[in-house]
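Accompanying notes for the structure given below.
The values are calculated or read from the model by the stated rules, or taken from the named source; none is laboratory data. The shown structure was predicted, so the numbers you read here are calculated from the model rather than taken from an experiment. For neighbour counting, all protein chains shown are included, and Cβ atoms are generated from backbone atoms with ideal geometry for every residue, glycine included.
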Amino acid sequence: MAELWFALLCFMLTMFIVLDGWDIGAGALHLAVAKTDAERRQVIAAIGPLWSWHEVWLLAAGGTFLLAFPRLMAVAFAGFYLALWMVLWSFILRGISIEVGGHINDTLWRSAWDFVFTASNLLLAILFGTALGNVIRGVPLDETGRFSMSLFTDFRATGRVGILDWYTLSVAVFATMLLVAHGATYLRLKTVGPVHERSERLARQVWLIAAVLFVVVSIETDFVRPELYQAMLTRPLAWLPVVVLVVAAWAVWTGLRGNDEKRAFAGSCGVIVGLLGGAAASLFPVVLHSTLGSEHSLTAYTGATSERGLRVALIWWPVAVVLALTYFFVIMRIYAGKVRPAQDTQGY
Amino acid sequence: MDDAAFWHRLQFAFTVTYHYLFPQLTMGLAWFLVFWKWRALRTGDERYATAARFWARIFGLNFAVGVVTGIPMEFQFGTNWAGFSAYAGGVIGQTLAMEGMFAFLLESGFVGVLVWGERRLGPRLHFLAALGVALGSWLSGYFILVTNAFMQHPVGHATDASGALVIADLPSYLLNEWALIQFAHNQAAALVTGTFVITAVGAFYALRGDHIEQARMYLRHGTAVGLVAAILVAFPTGDAQAKIVARHQEPALAAMEGRFETGPRADITLIGQPNVRERRLDNPIRVPGMLSFLAYGTFHADVRGLDAFPEDTWPPNIEPLYYAFHVMAGLGTIFIGLMLLANLQRLRGHLESGRPLLWVFMLAFPFPFIANTAGWMTTELGRQPWLVYGLFRTNQGFSAVVSSGDVLFTLIGMAGLYFVLGLLYLYLVGREVAHGPGGAESTSPYGESVEAPVG
């Protein structure tokens, strides 16, 4: 049962990163791909009506985490205290800048919110990358079964680590590039005109950078957690995400070289699914790895709630996911099609 | 109590109080939107469509602030209340996850469509979007109230080998008697907020002589629903709530009423100041026997005072609890009176022309927010010193690894951010109200970029 809920939780988090990832990536690129006010409104309209829906997947993932692994959620969230609050602040600023930016047609008002929008999305990308880096590297869990981490210590990836060190920072840079590439691929699909052209150019460049960084981070990971690769080799289930990753990377490559915007975007989603799936499959069953000694690590088995609780939740949870995926398809249909820059500049 | 516990409590109290200012209006307006959309669909009357569009814009702003202030709430269970999450997460996680999965994904998915998608969807689907949003927002309220009800009156749980709570009986947890009563009480109160806001905007336009047709509609619909909702808040829901508190949280009831001594024929205090050191009420004005009647149904019933309970089960903040309860009950009574008066005027056909009453309604809209906040303070202060009533104390629940300094840092940050957010919200809603109903429907919230060709 714990295995299943670990998989379901990873599914929720992956949904969130894929969906909100394109908002975050497009947002981080906002100032780079859109130069005029009309272009900037176009970028925001491309992600506009759905940001809160995407963000709610994280909330639902948080609820699922608490439901299935209450002890792990408690230890992890308290341990990452300041980092999580930075995520929350960035979310608040991102949401406000989308919602209030367009309301007033004034140059200063809009440039201020455009800046807040870009900065908060960039920060979100860096923070989620750092979070992933921390989960892979591990946290300083001790014999009390808890940890409390400074933002930084000596920047080494062993022992009493901080949230930032050479490894988590490089994962953060890689993840930021990946989300930016994802966002650019989305904007290429979703827009026309100059924003489309710039996004296409950027997508080609940033995907290359992301691919190089992927190799770098993969080698680094072998230094920090060599056992992960061994786990991956011995688990056939971990091969599936690898296959997804390879196929998706091919789709991105061909989609970007040719003119198949949909293929490139589907590939982009697939790359994220493959990466996160591969990481999850090789990390399992450890959810929080201890850098102070693997005997302190917390696993999905030790952190799960009762078998009964997991079983009961399995009655209603699939219903909820089916409903949510139905909304997903309805909403995607409603908002299908490209966003065009409008001729009028009067605001609404 | 140790300092860290204080700051954790203050931060949660602040963020949740601030957050709930928004959902109460969302839930209060949601069914009005459904009703107006439905009338517009059935009659083809443009006035209803105009009203729905205008209020959907305000709804959208309100919803956005509700989302951004709501996400920190979910996280705080883990960041600030790790002890509580580890202890009770196996139970309350069920409803928190349900809230996200069933309610919030529905509500947030369709709110954008509701506000900006009228042309894209056509009237029928657009009505369905309004229905989805209303359903989502009320469902969300229910799951949160089940979670709270478990903290007030735990049912359906068991204890596992490590001492943590796990779910034993999901249906009885979901249908907790406390949750049903609290939901009815809370939703009626949210409707009161919605009706007072709608009536205030109607009064504002009526006094200015602007948008007369719309003003008349807001005044009529607002006061008609408002009267029903205001009465429902007091009876039967408020009454049932008081009785269930009397049954399961006796020390809370005693503290709410500032009752220090046990005895029959308990009075209710209309006004007075609790003096906890001397254990008495100063300057009380009382209605004899009324508390016995309200709590137990007869004027002779014995109502136990705080002296009947060990001091470590008393709510630690008796004074704010006492005032919160009295502010809520007093305002609730005034709301019924005001709405009665408005409905009498409506029947006589004087509602839109009686300027003094319009002035009162224009200025009255903050008070339901105050009453709702006071109501929640009553519930939550009355629950103390327990986090899960009778099982788990508040000072066991906070995150032990997080220092007071860290909490104060984030509390200060949130206070600053929420201050700015409040200013922006008031300014933008003020702008919508000043701009008024009417004009073409909006197709994009994000400035002039129009999505897809529009006819």
>> It is to be established whether one or more residues within the stretch B:162-170 are part of a helix (DSSP H, G or I) and either within 11 Å of chain A (Cβ to nearest Cβ) or more than 26 Å from B:Gly382 (Cα to Cα) (or both).
In response: yes
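Has the stretch B:182-201 got any residue that is more than 27 Å from the chain's Cα centre (by Cα) and either of a type in the set (Val, Ile, Thr) or surrounded by fewer than 17 Cβ atoms within 10 Å (Cβ to Cβ) (or both)?
Going through the stretch B:182-201, the residues more than 27 Å from the chain's Cα centre (by Cα) turn out to be none.
No, the stretch B:182-201 contains no residue that is more than 27 Å from the chain's Cα centre (by Cα) and either of a type in the set (Val, Ile, Thr) or surrounded by fewer than 17 Cβ atoms within 10 Å (Cβ to Cβ) (or both).
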> Quick one: would you say B:Gly332 is within 24 Å of B:Leu291 (Cα to Cα), out of contact with any His (no Cβ under 9 Å at 6 or more places or on another chain), surrounded by fewer than 20 Cβ atoms within 10 Å (Cβ to Cβ) and modelled with pLDDT of 95 or more?
Replying inline: no
> Of the residues B:Phe77, B:Phe32, which is in contact (Cβ under 8 Å) with a residue 24 or more places away in the chain and touching a helix residue (DSSP H, G or I) at 6+ places or on another chain (Cβ under 7 Å)?
Replying inline: B:Phe32
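Could you run through the stretch B:66-99 and say how many residues are β-branched (Val, Ile, Thr), closer than 17 Å to B:Ser140 by Cβ and at the interface with chain A (Cβ under 8 Å from one of its Cβ atoms)?
In the first step, residues of the stretch B:66-99 are kept if they are β-branched (Val, Ile, Thr); the result is B:67-69, B:71, B:79, B:91-92, B:95.
Remaining after also requiring closer than 17 Å to B:Ser140 by Cβ: B:67-69, B:71, B:92, B:95.
Now restrict to residues that are at the interface with chain A (Cβ under 8 Å from one of its Cβ atoms): B:67-69, B:71, B:92.
Count: 5.
Which residues, counting only those in the stretch A:33-47, are among the polar types (S, T, N, Q) and closer than 15 Å to A:His103 by Cα? Can you show your working first?
The initial filter retains those residues of the stretch A:33-47 that are among the polar types (S, T, N, Q), namely A:36, A:42.
Residue satisfying the conditions is A:Gln42 alone.
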> Which helices (runs of 4 or more DSSP H) does the stretch B:68-159 wholly contain that include 2 or more residues that are among the hydroxyl-bearing types (Ser, Thr, Tyr)?
Replying inline: B:82-98, B:118-152
> Being away from chain B (no Cβ under 11 Å), without any contact (Cβ under 8 Å) to a residue 40 or more places away in the chain and more than 30 Å from A:Ile272 (Cβ to Cβ), is that true of even one residue in the stretch A:125-143?
Replying inline: no
> For B:Val155, which of the numbered conditions (1) assigned by TED's automatic domain parsing to the domain that holds B:Ile58; (2) surrounded by 21 or more Cβ atoms within 10 Å (Cβ to Cβ); (3) not polar (S, T, N, Q) fails to hold?
Replying inline: (2)
>> Looking at (1) within 9 Å of chain B (Cβ to nearest Cβ); (2) crowded, with 24+ Cβ neighbours inside 10 Å; (3) assigned to a helix (DSSP H, G or I); (4) of a type outside the set (A, V, I, L, M), which one does A:Phe147 not meet, given that it meets all the others?
In response: (3)
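This table checks each residue for (1) modelled with pLDDT of 95 or more; (2) farther than 30 Å from A:Ala112 by Cα; (3) within 14 Å of another protein chain (Cβ to nearest Cβ); (4) in contact with a Cys (Cβ under 6 Å, 6 or more places away or on another chain).
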| site | (1), (2), (3), (4) |
| --- | --- |
| B:Ala364 | yes, yes, no, no |
| B:Phe367 | yes, yes, no, no |
| B:Leu381 | yes, yes, no, no |
| B:Pro385 | no, yes, no, no |
| B:Gly390 | no, yes, no, no |
| B:Ile412 | yes, no, yes, no |
| B:Glu432 | no, no, yes, no |
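B:Glu177 - would you say it is under 30 Å from A:Phe69 (Cα atoms), of a type in the set (Asp, Glu), within 13 Å of chain A (Cβ to nearest Cβ) and within 20 Å of the chain's Cα centre (by Cα)? I'd like the intermediate steps shown before the answer.
Numbers: under 30 Å from A:Phe69 (Cα atoms): yes; of a type in the set (Asp, Glu): yes; within 13 Å of chain A (Cβ to nearest Cβ): no; within 20 Å of the chain's Cα centre (by Cα): yes.
No: the conditions fail for B:Glu177.
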>> in a helix (DSSP H, G or I) and out of contact with any Ser or Thr (no Cβ under 6 Å at 6 or more places or on another chain): which single residue out of B:Gln24, B:Gln11 fits that description?
In response: B:Gln11
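The rows are residues; the columns are (1) in a helix (DSSP H, G or I); (2) surrounded by fewer than 18 Cβ atoms within 10 Å (Cβ to Cβ); (3) modelled with pLDDT of 90 or more; (4) not β-branched (Val, Ile, Thr).
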position	(1), (2), (3), (4)
B:Leu207	yes, yes, yes, yes
B:Arg216	yes, yes, yes, yes
B:Ala224	yes, yes, yes, yes
B:Ala242	yes, no, yes, yes
B:Arg247	yes, yes, yes, yes
B:Ala255	yes, no, yes, yes
B:Glu261	no, yes, no, yes
B:Arg265	no, yes, no, yes
B:Pro284	no, yes, no, yes
> What do you reckon, is A:Ala7 buried (at least 20 other Cβ atoms within 10 Å of the Cβ) and either assigned to a helix (DSSP H, G or I) or modelled with pLDDT of 90 or more (or both)?
Replying inline: no
> Which ones in the stretch B:272-308 are of a type in the set (Phe, Trp, Tyr) and closer than 24 Å to B:Gly375 by Cα?
Replying inline: B:Phe293, B:Tyr296
> Quick check: anything in the stretch B:172-187 closer than 29 Å to B:Pro315 by Cβ, without any contact (Cβ under 8 Å) to a residue 24 or more places away in the chain and among the aromatic types (Phe, Trp, Tyr)?
Replying inline: no
> Taking only pairs six or more apart or across chains, which ones have beta-carbon atoms under 8 Å, a first residue in the stretch B:385-407 that is in a strand (DSSP E or B), and a second residue that is modelled with pLDDT of 90 or more and β-branched (Val, Ile, Thr)?
Replying inline: B:Trp386/B:Thr394; B:Leu387/B:Thr394
>> Residues that are farther than 30 Å from B:Asn275 by Cα and either in the same structural domain as B:Met256 (by TED's automatic domain parsing) or in contact (Cβ under 8 Å) with a residue 12 or more places away in the chain (or both): does the stretch B:319-337 have at least one?
In response: yes
>> Under 9 Å between Cβ atoms, which residue pairs at least 6 apart in sequence (or on different chains) link something in the stretch B:100-116 that is within 21 Å of A:Ile98 (Cβ to Cβ) and within 7 Å of another protein chain (Cβ to nearest Cβ) with a partner that is of a type outside the set (Phe, Trp, Tyr) and not in a helix (DSSP H, G or I)?
In response: B:Gly112/B:Pro445; B:Trp116/B:Glu441; B:Trp116/B:Ser442; B:Trp116/B:Thr443; B:Trp116/B:Ser444; B:Trp116/B:Pro445; B:Trp116/B:Glu451
>> If A:Val339 meets every condition in (1) more than 9 Å from every other protein chain (Cβ to nearest Cβ); (2) more than 23 Å from A:Ala175 (Cβ to Cβ); (3) in contact with a Lys or Arg (Cβ under 8 Å, 6 or more places away or on another chain); (4) of a type in the set (Val, Ile, Thr) apart from one, which number is that one?
In response: (1)
